[in-house]
Protein chains: 6
Amino acid sequence: MVERVKTGVPGLDEILNGGIPRRNVVLLSGGPGTGKTILALQFLWSGLQLGEPGIYVALEEHPVQVRVNMRGFGWDTRQFEQEGKFAVIDAFTGGIGEAAKREKYVVKETDSVEELIDVLRTAIREVNAQRVVVDSVSTLYLLKPSIARNVVLQLKKVLSGMGTTSLLVSQVSVTERGFGGPGVEHAADGIIRLDLDEVDGELVRSIIIWKMRGTSHSMKRHVMEITDKGIVVHPDKVLKTRRYVLMQE
Amino acid sequence: MVERVKTGVPGLDEILNGGIPRRNVVLLSGGPGTGKTILALQFLWSGLQLGEPGIYVALEEHPVQVRVNMRGFGWDTRQFEQEGKFAVIDAFTGGIGEAAKREKYVVKETDSVEELIDVLRTAIREVNAQRVVVDSVSTLYLLKPSIARNVVLQLKKVLSGMGTTSLLVSQVSVTERGFGGPGVEHAADGIIRLDLDEVDGELVRSIIIWKMRGTSHSMKRHVMEITDKGIVVHPDKVLKTRRYVLMQE
Amino acid sequence: MVERVKTGVPGLDEILNGGIPRRNVVLLSGGPGTGKTILALQFLWSGLQLGEPGIYVALEEHPVQVRVNMRGFGWDTRQFEQEGKFAVIDAFTGGIGEAAKREKYVVKETDSVEELIDVLRTAIREVNAQRVVVDSVSTLYLLKPSIARNVVLQLKKVLSGMGTTSLLVSQVSVTERGFGGPGVEHAADGIIRLDLDEVDGELVRSIIIWKMRGTSHSMKRHVMEITDKGIVVHPDKVLKTRRYVLMQE
Amino acid sequence: MVERVKTGVPGLDEILNGGIPRRNVVLLSGGPGTGKTILALQFLWSGLQLGEPGIYVALEEHPVQVRVNMRGFGWDTRQFEQEGKFAVIDAFTGGIGEAAKREKYVVKETDSVEELIDVLRTAIREVNAQRVVVDSVSTLYLLKPSIARNVVLQLKKVLSGMGTTSLLVSQVSVTERGFGGPGVEHAADGIIRLDLDEVDGELVRSIIIWKMRGTSHSMKRHVMEITDKGIVVHPDKVLKTRRYVLMQE
Amino acid sequence: MVERVKTGVPGLDEILNGGIPRRNVVLLSGGPGTGKTILALQFLWSGLQLGEPGIYVALEEHPVQVRVNMRGFGWDTRQFEQEGKFAVIDAFTGGIGEAAKREKYVVKETDSVEELIDVLRTAIREVNAQRVVVDSVSTLYLLKPSIARNVVLQLKKVLSGMGTTSLLVSQVSVTERGFGGPGVEHAADGIIRLDLDEVDGELVRSIIIWKMRGTSHSMKRHVMEITDKGIVVHPDKVLKTRRYVLMQE
Amino acid sequence: MVERVKTGVPGLDEILNGGIPRRNVVLLSGGPGTGKTILALQFLWSGLQLGEPGIYVALEEHPVQVRVNMRGFGWDTRQFEQEGKFAVIDAFTGGIGEAAKREKYVVKETDSVEELIDVLRTAIREVNAQRVVVDSVSTLYLLKPSIARNVVLQLKKVLSGMGTTSLLVSQVSVTERGFGGPGVEHAADGIIRLDLDEVDGELVRSIIIWKMRGTSHSMKRHVMEITDKGIVVHPDKVLKTRRYVLMQE
């Protein structure tokens, strides 16, 4: 029977029929403001509560800000960082600035996928990480879409190979219905999509599991909320939009 | 509890649940004629009324015209400029022309993001600015879309790092539903979108808060007006269009 | 209170709440056959009737043909030209041909924006022009869209700086819903759009004021006619199409 | 009062309110199979019946085939060619082949617009042409769309300057709603569009006058037929499609 | 009266009002799986039954496979090939392989249009061909769309010039509504389009004659079937889809 | 009568009227998460149960993971591999890593189509393969779409020429309605499309046979399920969407 990792996001494990199959590399895709980063941090925090060490690769935000953001939801990682059970990899500052000097894991050349993977490998080993978040993987190939598939395959080899279960945050434009391009979409073991749609003049949030290797899962688009405690998914509330029927009538 | 900056735009603070969280860098996005510049100037003027110094970075318009435009709404900044509480950074004329010679803050090479950031840093320090508007940030990468994300990240580092709360005006075409491209949309702490839609032969204005880090906010599309006193948002009037449901039926 | 320039087009000043605010640089945008040139010539002719000298920059048509076209509507400019109150700038022939030799203002290198602006500056001064039409501004950047915004900004500096109120004719394709590209749309002080739509097998004309700095204006799409006396706008007739609601359903 | 040229196509002069104003250069635009060439040849043949000499510039078809096609509709041009009242300019064969050697007007370098215009000028003078058809003008810029506007302007100068009334056949793809690109659409004095639409499983033909300088005209989409005597337009039958309402709902 | 070539496809000659006018070069266009090749082979086989020799230019398939495919429908060409009344031109193998060595007509450089035309000319003469199929013409310009029109014109000159009636198979993508590009669509004497549409979850086949020089024809979209005897067209069954009404509502 | 290969997928052989005609090269096309790989592996496993040896070309996944995935459905290939009746060709690792060293068939240069075909040829001969799966063929031309048709033709020559029946997995983006591009779509002997559509907020799976040379087949879109025993097709359940009617209304 398949071993599962609990996301700890209320309602999400239920629609995943128990959690994400261990070692899966999952694309977490959505437009701006859909809650991708919050969900990813919540996944790591839940792991810490369950005794599963984790790593957050910060490509979009200063590591200090990441910790501030987490505390905003009541997720204080300081003790876990001291105990060596949680780490932020700074792939944002290039090691420049006062704060950056206090970071343990730093990617000096922020556009080097090779260095990133080296630092990631070391951190996973030292932290004994069970969970990893890369936020965002899109940044790694923003200017070179042709390497996207290769970047994801390289990450997958390390992340899955070293036994972690991971989320790759994939940023798409507000007008883009894809998940990050064909090479990326097919390479991932799973795809979770977050959406923000305007229905009758009001924005509504939803989540849909597009694919998940190794398990069946809800096939529905579920209503989702962002609260001050993090994300809540409603397994019993379905949003009936038709984003992915490609009829052209 | 999160510290907030009042926009002073009637109705807008209400749908922001109290204002923009301090230090947020907010994208103010919209097509031509949607009222972006008016809203941004009103944000600065409101700050001056509350004793919060501000800076307007003029990339689209002559500084003299900016002040004329403000006076058209009854916002006379002369005294504030004399007291060193308000400044216009001239990133439009390149220092050429009589009027430009009287400007204190001038970006000589108008296409140099580096110089702009230097001047901006100095001005923020001297004015002790709490609020900054960059109008428009799109101009900085109009001809080089590939640097857009980087420009926004650099600005964000200075603006947020020095403690200001800021609006980056993002110009999109009348036919463009995005907010300024994926790199920009994801890098901003917040996105406010202004729209001008033709409904049954009549143009209607609306505003929607697409995302705002650090606070919940109205999820509705609100009717907005431009009056001779500036912009007014109607928290109780919702415009039921469906701009951002990407169904393709 | 804002000073206004009467367009003299029946109905148009009414929906502009009195006319175009002085010194505004207005984009007059539309597809082929929508009546842009007629409206622009009528604007100049009306000025002459009111004692306001004017200039027509001919980029699309031979100056002789321009005068012929005007006479077709009963607008005979000969006396005004003799009195030095009206001028056509020939930016079409390059000074080649018999007729061209009789023109006073000629742009020799028809693709030189610099020369065009020099000649324009001289003509405005000599004619003491209050109104200027550039027909079309699109021609100036047809093959180099990347310079569009810059061309419009340069023209704006001269036209507004020298005190004229002006119309920049912007040609768009019959299938194009924009007004001439984002750089152009945002740089103009106003946008007037003319449309020709097929409704139930019949072409109908309409006009909409998309934006106009310094004044409120009708927010409706008005029915418009081309008669043998020129253009007539119907302030009380609204065409209920939905050209600019970007719902994608 | 405007002088008009009768097209001689039954029904078409009626919806043109009497014919095409003399010296107009008219774009005759449509997809494959819409009847552009037939209408253009019929325009020339009608001229011959009225004593108005004409010229057909053959860019798509062998001159011999052009004459065969005309005879298929009962339009035998032999006598008129002998009398020097009608000419086909061979811009198709490059002068290669037996038949081509018997042609009087030949463009040797078929991709040279300059040579084409030289030959055209000579032929108009010798034939004393009142009507000219260029079939198709699209061929002249098929591989270099950027020169399209310039080609049309050059032709216009010769055709209109020498007093002829002319049709420029513009080929568009079956899926293209434009008339041949913005430069071309705006440069022409008139636009006549032919369409072939599938309505409930049946193809229907229609014609619409999009613009025509110097005259008012029907604003309706008229049903059109191709008979063995040529084209017939039905002034009293309107086809209610909505090809050119650009609502995107 | 126009001379016609019977296609021999049940129902097709009827909707063509008797057949394809002799010497016409007809584009046979459709997406994958629409039956283009079957219809083209049936056209050749019918010719053989009527004593009209034919040639199939194989650009997509091994000549051996072509014959196998024909036999699958009961069309055994062996005797006709022996009698010199039918030939397959091998433009697929480049002459490589055992089977290819037994072919009489081989294009060695499969991407040379010149060699193809040479071989074709020889074969037409030797076989005394009345009918020719080129399957597919799209292959000849797949990687160089800019030469498409020229390729079709060259083929047309040979095919029509030597008196044959021919079908040029044009492959379009399943999502493409065009017939093979503007240059190609306008150069052909006729266009026959095959479609495969999903209506309420079921695929339906249809055929429509888009244009056919020299004859009137059915203007309807007819239901079509592929049976084990070949294609059958139903002149009395119309499929009411709306593929080619370009309303964008 | 045509010889057929049973896919062994419940319901699929029924809608194929008995199976895939022997030697056909079939494109198996679909977006991410549609079940392409599962169906392809099930096709190979079914072959093994019927005594037909098979080969899986692994371009997307580590060979070890492929076997793990198969065992997840109860398809244990170990014995068959030992008996030389089943092989995985490793075109993923480039021979790097411990596990890869134990693989028998390895493509060292993973982007060499030539080497892949060499290894494939050897493997087919040694295993005496009746069935082959290439997963995915898209990978071979992801960065060079212009060679797509050629790659498929080369594979077809080997696969069909050596007597195997094969599936080429074609990955398309979630937003792509095509099957992998025109060159690929027309070159394949058959096309099976898998879809995942959101209908009223719920994802539904379906399969449709778009074309299949040598046999008639169901023309309907059938509901499909992925169970823990593999894929099940429902011949009696039709999904009424309209993905492939290209009406643009």
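The values are calculated or read from the model by the stated rules, or taken from the named source; none is laboratory data. Remember, predicted model here, so these are calculated numbers, not experimental data. Glycine gets a Cβ as well: all are built from the backbone with ideal geometry, and neighbour counts include every protein chain shown. When the accessible area is computed, the model is the full protein with side chains, heavy atoms only, and any ligands, DNA or RNA have been set aside. Shrake-Rupley method; radii C 1.70, N 1.55, O 1.52, S 1.80 Å.
Using amide H atoms built 1.01 Å from N in the peptide plane, name the residues 5+ places from residue F:239, or on other chains, whose amide H lies under 5 Å from its own.
So residue F:239 has HN proximity to F:221, F:222, F:223.
To the nearest 20 Debye, how big is the dipole of chain A about its Cα centre, given +1 on the beta carbon of each Lys and Arg and -1 on that of each Asp and Glu? Present the calculation step by step, with values, prior to reporting the outcome.
Working: 32 positive and 31 negative charges, 139 e Å.
The calculation lands at about 660 debye.
For chain F, what relative contact order do you get, as a whole percent, if you take Cα pairs closer than 8 Å and at least 6 residues apart? Don't skip to the end; give the middle numbers.
Working: 505 pairs, mean separation 68.7, N = 249.
After rounding, I find 28 percent.
Applying 1/(1 + (r/R0)^6) with R0 = 35 Å to the Cβ-Cβ distance of residue A:146 and residue D:143, what FRET efficiency is obtained, to the nearest 0.05?
Details: r = 28 Å, r/R0 = 0.81.
According to the calculation, E is roughly 0.80.
In whole Hz, what ³J(HN,Hα) sequence does the range E:130-143 give by Karplus (6.51, -1.76, 1.60; θ = phi - 60°), x for Gly and Pro?
For the range E:130-143, the Karplus-derived couplings read 9, 10, 9, 10, 10, 10, 10, 6, 4, 4, 5, 9, 3, 9 Hz, x marking Gly and Pro.
Residue by residue through the range C:168-174, what is 3J(HN,Hα) from phi via Karplus (6.51 cos²θ - 1.76 cosθ + 1.60, θ = phi - 60°)? Round to whole Hz and write x for glycine and proline.
Running phi through 6.51 cos²θ - 1.76 cosθ + 1.60 with θ = phi - 60° gives 9, 6, 10, 8, 10, 5, 4 Hz.
List the distances, in nm to one decimal, from the label point of residue F:109 to the label points of the same position in every other copy, shortest first, placing each label point 7 Å from Cα along the Cα-to-Cβ direction.
2.6, 2.6, 4.4, 4.4, 5.1
Of C:23, C:78, C:193, which has the largest mean-square fluctuation in a 10 Å C-alpha GNM of chain C?
The residue that fluctuates most here is C:78.
How large a share of the accessible area of the range B:4-248, in percent, is made up of carbon and sulfur atoms when the probe is 1.4 Å and the other protein chains stay in place?
Details: 4200 of 8690 Å².
In the range B:4-248, the share of accessible area belonging to carbon and sulfur is 48 percent.
Taking the solvent-accessible surface of protein heavy atoms with a 1.4 Å probe, what is the per residue accessible area of the range B:4-248 in Å²?
Values: 8690 Å² over 245 residues.
Ligands and nucleic acids excluded, the result is 35 Å² per residue.
Could you compute how much accessible area chains E and F hide from each other, both sides summed, with a 1.4 Å probe? Nearest 100 Å² is fine.
Working: alone 12210 and 12190 Å², together 21320 Å².
Interface area, both chains combined: 3100 Å², rounded to the nearest 100.
Would you mind checking the tilt of helix A:63-72 against the longest principal axis of the Cα atoms of chain A, expressed as 0 to 90 degrees and rounded to 10?
With rounding to tens, the tilt is 50 degrees.
Each residue of the range A:224-241 in turn: what ³J(HN,Hα) in whole Hz from Karplus with 6.51, -1.76, 1.60 and θ = phi - 60°, glycine and Pro shown as x?
Karplus values, whole Hz, x for Gly and Pro: 9, 10, 10, 10, 6, 9, x, 8, 10, 9, 9, x, 9, 10, 10, 9, 8, 9.
Show me the three semi-axes of the equivalent ellipsoid for the range A:114-230, from the C-alpha gyration tensor (sqrt of 5 times each eigenvalue), largest first, rounded to whole Å. Don't skip to the end; give the middle numbers.
Values: eigenvalues 149, 62, 41 Å².
Result for the range A:114-230: semi-axes of 27, 18, 14 Å.
If I fit a long axis through the Cα atoms of helix D:36-49 and take the longest principal axis of the Cα atoms of chain D, what angle between them do I get, 0 to 90°, rounded to 10?
On a 0 to 90 degree scale, this one is about 60.
Could you work out [θ]222 nm for chain F from helices alone, using -39500 (n - 2.57) per DSSP H run of at least four and dividing by all its residues? Round to the nearest 500 deg cm²/dmol.
Numbers: 8 runs with 72 residues, N = 249.
Mean residue ellipticity at 222 nm (helix-derived): -8000 deg cm²/dmol.
Of the residues E:50, E:140, E:16, which exhibits the maximal mean-square fluctuation in a Gaussian network model of chain E defined by a 10 Å Cα contact cut-off?
E:50
Looking only at other chains, what is the average number of their beta-carbon atoms within 10 angstrom of each beta-carbon in D:182-193? Walk me through the numbers on the way to the answer.
Numbers: counts 11, 6, 2, 8, 16, 5, 2, 2, 2, 3, 0, 1.
Mean inter-chain Cβ contacts per residue within 10 Å come to 5.
Estimate the FRET efficiency between residue F:199 and residue E:232 by the formula 1/(1 + (r/R0)^6), using the beta-carbon distance for r and 41 Å for R0, to the nearest 0.05. If you can, show how the numbers build up before the last one.
Details: r = 35 Å, r/R0 = 0.85.
Approximately 0.75, to the nearest 0.05.
Give me, ordered by chain and number, the residues 5 or more places off residue F:92 or on other chains with an amide H under 5 Å from its own placed amide H.
Under 5 Å from the amide H of residue F:92: F:107.
Output the antiparallel fraction of DSSP beta bridges having both residues in the range D:4-248, as a percent to the nearest 5.
On the way: 21 of 49 bridges.
Of those bridges, close to 45 percent are antiparallel.
How big is the charge dipole of the range C:98-196 about its Cα centre, in debye rounded to the nearest 20, if each Lys and Arg gets +1 on its Cβ and each Asp and Glu gets -1 on its Cβ?
Values: 13 positive and 13 negative charges, 43 e Å.
Its charge dipole is roughly 200 debye.
Considering chain E as a Gaussian network with a 10 Å cut-off on Cα pairs, which listed residue, E:162, E:70, E:219, attains the greatest mean-square fluctuation?
The residue with the greatest mean-square fluctuation here is E:219.
Using amide H atoms built 1.01 Å from N in the peptide plane, name the residues 5+ places from residue B:165, or on other chains, whose amide H lies under 5 Å from its own.
When sequence neighbours closer than 5 places are left aside, the close amide H contacts are B:23, B:131, B:132.
Given the convex hull of the Cα atoms of the range E:4-248, what is a quarter of its surface area in nm²? Mind showing how you got there, number by number?
On the way: hull surface 52.7 nm².
In nm², the orientation-averaged hull projection of the range E:4-248 is 13.2.
Starting from the Cα coordinates of the protein assembly as shown, work out the convex hull volume and express it per residue in Å³.
Values: hull volume 255.1 nm³, N = 1494.
It is 171 Å³ per residue.
So how tilted is helix E:113-127 from the main axis of chain E? Cα-based, degrees 0 to 90, rounded to 10.
80
Roughly how many Å is it from the Cα centre of the range A:182-200 to that of the range C:187-238, as a whole number?
Cα centroid to Cα centroid, the span is 42 Å.
If each of residue A:225 and residue C:69 carries a label point 7 Å out from its Cα toward its Cβ, how far apart are those two points in nm?
So the label points at residue A:225 and residue C:69 sit 6.2 nm apart.
Determine the distance separating the Cα centre of the range A:101-133 from the Cα centre of the range D:33-85; give it in Å without decimals.
The distance from the Cα centre of the range A:101-133 to that of the range D:33-85 comes to 77 Å.
By the gyration tensor of its Cα atoms, with a ≥ b ≥ c the square roots of the eigenvalues, what is the shape of the range A:27-164: rounded for a/c under 1.5, prolate for a/b over b/c, or oblate?
Working: a/c = 1.29, a/b = 1.28, b/c = 1.01.
Verdict is rounded for the range A:27-164.
In square angstrom, rounded to the nearest 10, how much accessible surface does residue C:172 have for a 1.4 Å probe?
Near enough 10 Å² of accessible area.
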